[in-house]
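**Student:** This is the structure I want to talk about, given as structure tokens.
The values are calculated or read from the model by the stated rules, or taken from the named source; none is laboratory data. This is a predicted model, so every value here is computed, not measured. To get the accessible areas, we keep the full protein, side chains included, count just its heavy atoms, and leave off ligands, DNA and RNA. Shrake-Rupley method; radii C 1.70, N 1.55, O 1.52, S 1.80 Å.
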Amino acid sequence: MHLNGLQGRIQTINCAVGDKDDQILLFHLDQANFGASKVVYSESERTTKVRGSKLDTLLGKDSHLGLIFMDVEGFEGEALKGARGLLEGRPPVAIEFTPKLLAEFTTRDEFCEVFSAYSCFYSLNDPSRKRYLLSELPMVWDWFLREEELEQTDLLFL
């Protein structure tokens with residue numbers, strides 16, 4: 001924030017987010033790569049329990065957001081299910097899109113439904129900056145599942 005002069009314009013909240021309030025999530029801490037730490041379903045010696053809430057509850061579903069930016073290692077669909085009220089206002093949403101990870105927590109159709117208020121999206125890793133209609137999201141999901149060399153991209157929903 002400080003490097004970009006955004007202090008005072010960005011709010012950070014230290015809380016896990018999911019599709020329910022007061023839920024307990026198992027969080028796996030990856031010692032080798034903290035960026036690969038993620039929510040998991042099975043408990044182990046490397047998991048810890050964290051309390052989660054819906055984004056709608058944490059921020060208020062009528063909040064006016066400039067951007068939702070999310071990279072939660074495949075838990076994006078579940079986290080955004082708890083933001084349905086916020087998403088009705090159609091703030092821009094940027095997420096890491098890795099269907100092989102997303103499929104661990106949600107179905108393709110459930111994921112697409114989260115963005116039903118949106119009209120289009122862009123793959124931020126595509127130099128052509130092609131505009132996709134929301135109706136093309138299932139096709140993009142399926143393409144990434146079949147693709148062996150390219151597993152993820154970043155999507156911006158508008």
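**Student:** Lysine pairs in the chain with Cα distance under 13 Å, only those 8 or more apart or on different chains: how many are there?
**Tutor:** Here the count comes out as 5.
**Student:** Take the alpha carbon atoms of the range 46-68, find their center, do the same for the range 80-103, and report the distance between the two centers in whole angstrom.
**Tutor:** 12
**Student:** Using 0.36 nm times the number of residues separating residue 120 and residue 37, minus their current alpha carbon distance, what extension gain do you get?
**Tutor:** Here the answer is 26.9 nm.
**Student:** Helix-only mean residue ellipticity at 222 nm, the chain, DSSP H runs n ≥ 4 weighted -39,500 (n - 2.57), per residue, nearest 500. What is it? List each step's numbers first, then the result.
**Tutor:** On the way: 6 runs with 37 residues, N = 158.
Helices in the chain give a 222 nm mean residue ellipticity of -5500 deg cm²/dmol.
**Student:** In terms of the Cα gyration tensor, with a ≥ b ≥ c the square roots of its eigenvalues, is the range 1-118 rounded because a/c is under 1.5, prolate because a/b exceeds b/c, or oblate? Write down the numbers at each step before the final one.
**Tutor:** On the way: a/c = 1.58, a/b = 1.22, b/c = 1.30.
Oblate, since a/c reaches 1.5 and b/c is not below a/b.
**Student:** In whole percent, and with a 1.4 Å probe on the protein chains, what portion of the accessible area of the chain is carbon and sulfur?
**Tutor:** 50
**Student:** Can you work out the accessible area per residue across the range 1-117, with the rest of the protein chains kept in place, probe 1.4 Å, in square angstrom?
**Tutor:** In whole numbers, the range 1-117 has 60 Å² accessible per residue.
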